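Beneath this line is the structure, given in structure tokens, with notes to follow.
The values are calculated or read from the model by the stated rules, or taken from the named source; none is laboratory data. Model, not experiment: these values are computed from the prediction. Cβ: placed from backbone, ideal geometry, glycine included. Neighbour counts: every protein chain shown.
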Amino acid sequence: MEESYFACPACGDLLDAEYEWDRLEVPESLSWFERRWASRKNILDFSGVWRFRELLPFCDESYCVTVREGQTILQENDGVGRYTQMDPGCLHLQYEGLNPSGSFKDNGMTGAFSHAQMVGARHAVCASTGNTSASLALYAHSCGMNSSVFIGSGRIAYGKLSQALDFGARTLQIAGDFDDCMRQVQEVCREEKLYLVNSLNPFRLEGQKTIMFRVLEALNWQVPDWIVVPGGNLGNSSAFGKAFAELKHLGLIDRIPRLAIINATGANTLFDLYENQGMRFNGGQVDNAGIDAYYRKLNETGYKPHTLATAIEISRPVNLKKCLRALEICNGVVREVSDDDIVDAKAVVGREGLGCEPASAATVAGLKLLREQKVIAAGETVVCILTGHQLKDPNITVKYHTENQSRYSNRPIEVDNEIGAILKALNR
Ligand code: F0G
């Protein structure tokens, strides 16, 4: 394999896929893409990522690795709308848990693996809080590459761990957390020529742009007022900002929605930097010294992130600067929500019909807060991204319903193995 750089060797900043749009053929309107449904027997036209390939034109079709990802749904949900005090018809949930590995990661992984094929890579690696590893393992298997995943010991939900094991990835449980794994995997990639598929890989972000294309499609190509997304390693938010900047540049949309990124309070680096310390992208003039000082302080105080939304238990997000750019593009806001609010919101999402994992429900908890703060109005059109499937983390769900006395818990009823008792319990 020739060497692949994802960061600039000179300044260390992450690289981006940039296109010379005026030399490329791009459809004149977004509705042009609807015709792909008629030719969906072509696997690339079926994929919810590659059917938009003119908007991520980094790769010849012959290299595309796809498992038919991206068949996901946008659901108008008035039940969750009531919980968040939105007007009827205004709240939408984009359920990315319907991807083949059960999370939004597949949108990006198809991009990364297609690039890996382009450069002839043989062995893919990642650090993960779980979903990236499940997705990596699935795609590696589908194109015959070797795969190894680095996960923090005891910091991964069982649904996700079981997938990485089942799909046959070499699974290294590192005695540390995600930030430790991320540092180690980058170090290993410097030593060995392995292909890194974390979201510092720009081709991951290219694939993840299509989540926004599908949202627009489901809204009949109308731009919503707000996109609400959980913030972990900040790949999704970075990809969404890039998607909207490009669509606007190409004249395919006439305005850009606002972005709300939701951290867990126990892993709130972005919130702290953006909302408390006023860190901004500044047209590219980011205060690098300020970020370095922030991380130095985390080291000195021995800070470790802690949230039961393990997917976003990250304190050194690799896409921080790209995310600041997205916040600038989308006039964004950042909020933090507590674990208690996350699990309540998760129970409401479940009860109202879709279900999701804890990190995904941070969006609904965040929207509730932004409504209380009157940042978002009841009549605005809002899309919350549900990033991962309900079954990814069953332990948290069962614990919530069996141990919590919360308003939304649904306790199982213990009944004697006897018809009278069963009928009594049924009619209680
Ligand atoms: N939601 C879920 C379900 C996730 O798995 C992740 C990240 C996020 C949100 C955060 O997204 O990184 O784009 O800000 N999971 C990664 C992993 C870190 O390793 O699976 P982000």
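Assorted remarks:
- Screening LEU219 on (1) modelled with pLDDT of 95 or more; (2) more than 21 Å from the chain's Cα centre (by Cα) shows it passes everything except condition (2).
- Candidate set from the range 330-373 (those that are part of a helix (DSSP H, G or I), small (Gly, Ala, Ser) and buried (at least 20 other Cβ atoms within 10 Å of the Cβ)); member that is farthest from the chain's Cα centre (by Cα): ALA347
- The single condition among (1) buried (at least 18 other Cβ atoms within 10 Å of the Cβ); (2) in a loop (DSSP other than H, G, I, E, B); (3) away from the ligand (no atom under 16 Å from the Cβ) that LEU247 does not meet is (2).
- Residue tally, condition away from the ligand (no atom under 16 Å from the Cβ) and surrounded by 11 or more Cβ atoms within 10 Å (Cβ to Cβ), over the range 384-412: 10
- In the set LYS105, LYS160, only one residue is touching a Gly at 6+ places or on another chain (Cβ under 8 Å), within 11 Å of the ligand (Cβ to nearest atom) and at pLDDT 95 or above; that residue is LYS160.
- Odd one out for ALA289 among (1) surrounded by fewer than 16 Cβ atoms within 10 Å (Cβ to Cβ); (2) in a helix (DSSP H, G or I); (3) within 16 Å of the ligand (Cβ to nearest atom): (3)
- Tally of residues being among the polar types (S, T, N, Q), buried (at least 24 other Cβ atoms within 10 Å of the Cβ) and in a loop (DSSP other than H, G, I, E, B) across the range 80-135: 4
- Test result for GLN208, among the polar types (S, T, N, Q), away from the ligand (no atom under 16 Å from the Cβ) and over 18 Å from SER147 (Cβ atoms): no
- Test: residue in the range 144-157 that is within 20 Å of ASP16 (Cα to Cα) and in contact (Cβ under 8 Å) with a residue 40 or more places away in the chain: no
- Scan of the range 144-169 for residues that are surrounded by fewer than 17 Cβ atoms within 10 Å (Cβ to Cβ) and part of a helix (DSSP H, G or I), ordered by number: TYR158, SER162, LEU165, ASP166
- Among the candidates THR265, THR310, residue that is under 30 Å from ALA361 (Cα atoms), among the polar types (S, T, N, Q), in contact (Cβ under 8 Å) with a residue 24 or more places away in the chain and within 13 Å of the ligand (Cβ to nearest atom): THR310
- Residues located in the range 394-428, provided they are aliphatic (A, V, I, L, M), farther than 13 Å from VAL343 by Cα and part of a helix (DSSP H, G or I): ILE419, ALA421, ILE422, LEU423, ALA425, LEU426
- Candidate set from the range 6-23 (those that are at pLDDT below 90 and part of a loop (DSSP other than H, G, I, E, B)); member that is nearest to the chain's Cα centre (by Cα): PHE6
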